[in-house]
Amino acid sequence: MNVVGTSIKRIDGIEKVTGMAQYTTDIVLPRMIHAKIHRSPLAHAKILGIDTSKAEQLPGVRAVVTAADLPDVRLGILTLDEHLLAHDKVRFVGEPVAAVAADTPEIARDACDLIEVEYEELPALFDPEEAIKLDTPVVLHEEYDEYEKLIEIAEMDERPANLWQAYRIRHGDIDAAFKKAEDEGGFILENRYETGYVHTACMEPHGAVAQWSSDGALTVWAGGQSPYIARDGLSRALNLSPSKVRVIIPVVGGAFGGKLTVKEGAIAAALSRKARRPVKIVLTREEDLSATTARTPFIFYIKDAVGKDGTLLGRKVTSIFWGGGYSGEGILKPIFSTHLYPGSYHLPALWVDSYGVYTNRTIGGALRGFGCAESAWPVETQMDIIAEKCNIDPVELRMNNLLTEGERTAIAMPVHAFSAHECLNKCAEAMDWGTPSEQPGHPWYRGKGIALGNKYSFAPTASSTELKVHEDNSYELRTSAVDLGQGAYTILTQIVADEFGVDIDKIKIVTPDTAITPFDHVAGSSRQTFNTGNATRLSCNDAKRQMRELAAPKLEINPDDLDVSGGRIFVKGSPDRFIAVEDLFVVEMLAGKRPADAEVIGKGTWEVTASPHDPNTGQAEHPMAYMGHGAQGAEVEVNVETGQVRVLQFASAIDVGKAMNPQGVEMQNFGGACMGIGIALHEDMRFDENGQMTNANFVDYKIPTAVEMPLSKYMKSIIVEVPHQEGPYGAKGAGEIVVVPTSPALGNAIYNAVGVRIWAQPLTPEKIVKAWKEKQAASSGS
């Protein structure tokens, strides 16, 4: 390999830094008009009537749509519980009720204000622990039993009316584990934890452009994570055959899990069909933060049985995922969040009950680290508390409890390419773990913290690619993988360059367009390097097979005795016997040369199957494509008078199997640290008593800037390479594991500095000052 494993420059870097990259907002079509959405001001209400007459009469308005203009179909990922525009009821503030297309965005906005909706306000439900009760007085979806469901939930004697997901893990005898801990000098540790309300907060807001052709076909341009998921969603929402829907993904300005569907594209398409004009819709920052999916909280109750030497005997977890008005992309989170528990530590007993419930808040969706980042918060905090109780170093305690290669986890999955030991050791070394922090003096106190994490890559899944060989010895890769900024196209380019032994400038990527590029599942779950990378290798191999077969008659040799590299098809062992790639593709004609009848297009599909999940036990031998591991450490400085936390140094050691582009991995490490620090310390969607988000702007929704990050010389990126037997060149993904251990590493560092635990994220100054004062009061006896 000459290119894979090297830090080549990003192939999309120049067009982005020069402003040449075309995002959704840059698309302008002839006669294009603009759309805005009329949203519900109430968290829970019946819709008694909608009057759009005043909006329709406003000069410049070209179309108005409500649910009455759309097919009466429900949408969703695995539970179909949502309409594109609200029908009889609204279930969160900001839910789309109607939409307007007009000559300018300003006219469309004014027209939305003229739409009159008559509501009957209903009691709202904002507390997930109330929502899960059997006797809750507020039910969001009275018709839930009628919904189409594509996933089975765990058996229950009686389903709470607001519950839409239930999943269990059952391994070992948990009661015996608790009894053993008590009888043999160990202890039981039980605590409650919460994660926070966090938004993906991408620089590029949600948007789409829709246009219909004269034959009734629809084209939608939208910055999303999966053109084929988008195509299927559009076809269902608008009652179209998938062959009538074309989705093109422009350059995407960030997603992090928040752009899995294209609701805005479907609304724009409905308006475009009615107006007979192309329609563009771009959400405002306020809409983007308050009305699109977010990483809504989890509540965890965790109870550990611990031997006197710190050995984990058993773990029992009950978690409640704080869903919103609809199940949305969060439908899988109560399941996938459980993958973290058996992924790192040997657990003789593990019992998990994980639930998802409706509340009248914004819809819960994906955000980098889907479920595992949340579950790491209670697990890795517990590990530090156990270490302190046992008077064992936190790193040593973790090492003593780690799984080993080849054993089976608590869900019966064989352990393969297990790298947690190496990640933990290298992270501790980078942090100079054995040396206590130097103390600057009151009111500042310093401390170090460390945490371990794991992140699955889901299955079943599949990726397909096509590789066309051109007559000038250039190579065109057609892929529906989406580069969201993580460098996917650069890595795929490196693979093609190495497979054919040519320079990078010989490779062209054809980006997602469902009319041209073959199926790929999604840019998510750290899957593209692993899955699309393998598919790319397969399509390269198929193209090389065709090239060998074309060259064999010319060289009078068996195709199996030929190889392809450096623009030549040559005899193995005799590289001087060759034919140039260019000569495969031309034949002589009276008027000169023309392309040969043969065309070389290699095709490859990589598919990962999965054992079915048993929702009652969680047992599945192969429930995922692979499991990645990582460890992170932080040194912080805490001001006990103001609660301010400064991150002085940060180390991130992640296993990527094979670093396809080391600089790209380093940027994932640094970018993940920035996002993880924001989630842990700053980011917090806030709501008033009526369910309205009160900080839907980048002034009040706090995203970390360079000021909040350690100086670059104190940011340490450590690459661990433990190859996976099925990864391309042994590679695994790197995009999500980088945020999984961050919050507990920082929480543990704060405790090491000032001796207070914060149980609910984010770890804000107000919470730290309050906990410090309570600690001081307790120590003084007042």
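The values are calculated or read from the model by the stated rules, or taken from the named source; none is laboratory data. Note that the coordinates shown come from a computational prediction; the quantities given were computed from them, not determined experimentally. A quick note on method: Cβ atoms are made from the backbone with ideal geometry, for glycine too, and the neighbour counts reach across all protein chains shown. Accessible surface areas use protein heavy atoms only, side chains included; no ligands, DNA or RNA. Shrake-Rupley method; radii C 1.70, N 1.55, O 1.52, S 1.80 Å.
Listing for the model above:
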| read-out | value |
| --- | --- |
| Fraction of antiparallel bridges per DSSP, the chain only, in percent to nearest 5 | 80 percent |
| Three-way shape call for the stretch 280-352 based on the alpha-carbon gyration tensor, with the a/c threshold at 1.5 | prolate |
| Proximal charge balance of Pro250 [Cβ under 13 Å; K/R count +1, D/E count -1] | -3 |
| Label-point gap, in nm, between Gln692 and Thr705 - each point 7 angstrom along Cα→Cβ | 2.8 nm |
| For the stretch 19-54 versus the stretch 181-253, the gap between their alpha-carbon centres in whole angstrom | 18 Å |
| Within the stretch 277-323, trypsin sites (Lys or Arg not before Pro) in DSSP loop having at most 13 other beta-carbon neighbours inside 10 Å | Lys308 |
| With DNA, RNA and ligands ignored, accessible area of Asp12 (1.4 Å probe; Å², nearest 10) | 20 Å² |
| For the stretch 718-781 versus the stretch 340-380, the gap between their alpha-carbon centres in whole angstrom | 15 Å |
| Average Cα contact separation per residue, the chain, under 8 Å, 6 or more apart, as relative contact order % | 15 percent |
| Label selected from (1) 67; (2) 49; (3) 45, the criterion being percent of Cα pairs over 37 Å apart as computed here | (3) |
| Largest to smallest accessible area among Tyr301, Tyr701 [probe 1.4 Å] | Tyr301, Tyr701 |
| Taking the stretch 461-608 and dividing mean pair separation by its residue count, relative contact order in percent (alpha carbons under 8 Å, at least six apart) | 33 percent |
| The stretch 461-600: C-alpha gyration tensor shape, a/c 1.5 cut-off, then a/b vs b/c | prolate |
| Probe 1.4 Å - accessible area at Phe187, Å² to nearest ten | 40 Å² |
| DSSP-loop GluC sites (Glu not before Pro) across the stretch 481-558, with at most 16 other Cβ within 10 angstrom | Glu556 |
| Neighbour net charge for Thr104 - beta-carbon separation under 14 angstrom, K R +1, D E -1 | +3 |
| Nitroxide proxy distance, nm - points 7 Å out along Cα→Cβ at Ser243 and Ile14 | 4.1 nm |
| Alpha carbon convex hull of the stretch 647-782, volume per residue in cubic angstrom | 156 Å³ |
| Most positive-pole-ward Cα, His521, Ser480, Gly602, against dipole of the stretch 461-608 from beta carbon charges | His521 |
| Cα gyration tensor shape of the stretch 426-470, rounded if a/c is under 1.5, else prolate or oblate by comparing a/b with b/c | prolate |
| For the chain, calculated [θ]222 nm from helices alone, where every DSSP H run of n ≥ 4 adds -39500 (n - 2.57) | -7500 deg cm²/dmol |
| For the stretch 538-562 versus the stretch 448-511, the gap between their alpha-carbon centres in whole angstrom | 24 Å |
| Computed magnitude of the charge dipole of the stretch 461-608 (debye, nearest 20; Cβ of K, R +1, Cβ of D, E -1) | 160 debye |
| Distance violations [Cα-Cα > 24 Å] among Lys244/Lys732; Lys508/Lys603; Lys333/Lys389; Lys180/Lys448; Lys316/Lys455; Lys244/Lys508 | Lys244/Lys732; Lys333/Lys389; Lys180/Lys448; Lys244/Lys508 |
| Theoretical FRET efficiency, 1/(1+(r/R0)^6), r = Cβ-Cβ of Thr605 and Leu402, R0 45 Å, to 0.05 | 0.80 |
| Computed E for Lys54/Glu148 - FRET, C-beta separation, R0 51 angstrom, nearest 0.05 | 0.90 |
| Gain on full stretching of the segment that runs from Ala598 to Ala515 - 0.36 nm per residue minus C-alpha separation | 27.6 nm |
| Fully extended contour minus Cα-Cα distance, from Asn191 to Asn391, at 0.36 nm per residue | 70.1 nm |
| Accessible surface ranking that places the most exposed of His44, His171 first, with a 1.4 angstrom probe | His171, His44 |
| Accessible area, probe 1.4 Å, largest first, for residues Asp175, Asp583 | Asp175, Asp583 |
